[in-house]
1. Using only protein heavy atoms and a 1.4 Å probe, report how much of PHE83 is accessible, in Å² to the nearest 10.
2. Determine the gain in length on full extension of the stretch GLN38-LEU91; use 0.36 nm per residue of separation and subtract their C-alpha separation, reporting nm with one decimal.
3. Which length gain, in nm to one decimal place, applies between THR60 and MET80 when the Cα-Cα distance is subtracted from 0.36 nm times their residue separation?
4. Please give the solvent-accessible surface of ASP49 in Å², to the nearest 10, using a probe radius of 1.4 Å with every protein chain present.
5. Ignoring everything but the protein chains, give the 1.4 Å probe accessible area of SER35 in square angstrom, nearest 10.
6. Quick check: net charge around TYR56, other residues with Cβ under 15 Å of its Cβ, Lys/Arg +1 and Asp/Glu -1?
7. Using 7 Å Cα-to-Cβ label points, what is the ILE100/ALA52 separation (nm, one decimal)?
Amino acid sequence: MDNNLQRIAPLWDTFPVRDTSAIQEMKAEGSVFKSVLQSVIDNVRESEDDVAKKEYLLSTGQLDNPAELSMALYKAETSMALFVQLREKALNAYNELSRITL
């Protein structure tokens, strides 16, 4: 087995809300959604940067394993899909809240 392969962390480990005390603090500040959304955006940026780096390394002949680029592309595609779904859910929730009359 190749020792250069990195284990991909589960999605729930990438969100900064694992600690219950941190969740309570964020709830008090009203920033749980902001924190999760920022985490997803940062993940998309990092994965896109990784793809750009691996594309450059591949084009200059410095990338030993071209499959790394495929894995980085898949990770970037998946993180972007997650972000789009999260955005759609947030917009739907906002639209539902805006329809409520008091």
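The values are calculated or read from the model by the stated rules, or taken from the named source; none is laboratory data. Because the structure is predicted, anything quoted here is derived from the model rather than measured. Neighbour counts are summed over all protein chains in view; Cβ atoms, including those assigned to glycine, are modelled from backbone coordinates with ideal geometry. Just so you know, the surface numbers come from the protein's heavy atoms only, side chains and all, with ligands and any DNA or RNA stripped out. Shrake-Rupley method; radii C 1.70, N 1.55, O 1.52, S 1.80 Å.
1. 60
2. Values: separation 53, 0.36 × 53 = 19.08 nm, distance 1.58 nm.
Roughly 17.5 nm would be gained on extension.
3. Details: separation 20, 0.36 × 20 = 7.20 nm, distance 2.66 nm.
Stretched out fully, the THR60 to MET80 stretch lengthens by 4.5 nm.
4. Accessible surface of ASP49 is approximately 100 Å².
5. 30
6. Numbers: positive: LYS53, LYS54; negative: GLU48, ASP49, ASP50, GLU55, ASP64, GLU68.
So the surrounding residues net to -4.
7. Placing both labels 7 Å along Cα→Cβ, they lie 4.0 nm apart.
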